[in-house]
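Before any comments, here is the structure.
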Amino acid sequence: MGMVSAADLPDTIPLFPLPGALLLPRARLPLHIFEPRYLAMLDDTLKTSHRLIGMIQPQEVPAGMPEKLHQIGCAGRVTAFSETEDGRYMITLSGISRFRCKEQVTGFSPYIRAEVEWNGFDRDLGSTENDPGFRRNSFLPLLERFFRARELDTDWESLKQADDELLINSLSMLCPFPPEDKQALLEAPSLSTRRETLITLLEFALRSDGSDEVMQ
């Protein structure tokens, strides 16, 4: 796939609100689709030239209040697609760019569509970002403590070999943080600020677990 320019991106995209699900540019997110309205969304999306779906998180609202969505989400292109025996679909979204919602489009579709703008997220469409201030030798032990505390498994060898962006973005997507924290990771303006946010969240989680070790 060549570089996408903002001009190639559509003004209206379908939205898939999913709390805690994070998609980032140049990363991949596997999803199960089984609700009828999202099957309809997938069907419609596969007929478009861009095949984009906007992942977005619902905001936390008091019980009984109507659902509100965050303003900023990330659009992914459907790049893999298979049907399971029981009529569900497994799809992979490849992150293209973040977007800002302007307004929801009312219409006859059973799912939400929104008018979006792409400006302000230029680096999403560029090449891989680097993080010159990233200190792996202090970051990885912090991460290991977090994974141990949460009893999570990972392939440490491939983590150690991943480039900065893949490492930081994959962890932002995979780590079990609350939805509002995931939103903060999504909205980080650069890879360096995302990494700083990630470190803060890991340290905070370890402190809340009652383990006091903090990364210097």
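The values are calculated or read from the model by the stated rules, or taken from the named source; none is laboratory data. Keep in mind it's a predicted model, so treat the numbers as computed, not measured. Every residue, glycine among them, receives a Cβ derived from its backbone with ideal geometry; neighbour counts consider all protein chains shown.
Tabulated values for the structure
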read-out	value
Single unsatisfied condition, L166 versus (1) surrounded by fewer than 19 Cβ atoms within 10 Å (Cβ to Cβ); (2) of a type in the set (A, V, I, L, M); (3) more than 28 Å from S5 (Cβ to Cβ)	(3)
Hey, E129 surrounded by fewer than 17 Cβ atoms within 10 Å (Cβ to Cβ) and outside the structural domain of P36 (by TED's automatic domain parsing) or not	no
Close pairs from segment 1-12: first closer than 15 Å to F121 by Cα, partner charged (D, E, K, R) and modelled with pLDDT of 70 or more, Cβ under 7 Å, at least 6 apart	D11/E115
Inter-residue pairs, beta-carbon under 7 Å, first under 10 Å from S97 (Cα atoms) and in segment 112-123, second in a loop (DSSP other than H, G, I, E, B), 6+ apart	W118/L9; R123/E129
Scan of segment 56-103 for residues that are farther than 24 Å from N169 by Cβ, touching a residue at least 24 places away in the same chain (Cβ under 8 Å) and in a strand (DSSP E or B), ordered by number	Y89
Considering residues of segment 149-162 that are surrounded by 12 or more Cβ atoms within 10 Å (Cβ to Cβ) and either under 22 Å from the mean Cα position of the chain (by Cα) or not aliphatic (A, V, I, L, M) (or both) only, the residue nearest to S192 (Cα to Cα)	A162
Residue under evaluation E151, criteria (1) part of a loop (DSSP other than H, G, I, E, B); (2) under 17 Å from G20 (Cβ atoms); (3) among the charged types (D, E, K, R), criterion not met	(2)
Condition check for L22: closer than 23 Å to M173 by Cα and in a loop (DSSP other than H, G, I, E, B)	yes
Any hit, segment 43-55, residues being assigned to a strand (DSSP E or B), at pLDDT below 95 and out of contact with any helix residue (DSSP H, G or I) (no Cβ under 9 Å at 6 or more places or on another chain)	no
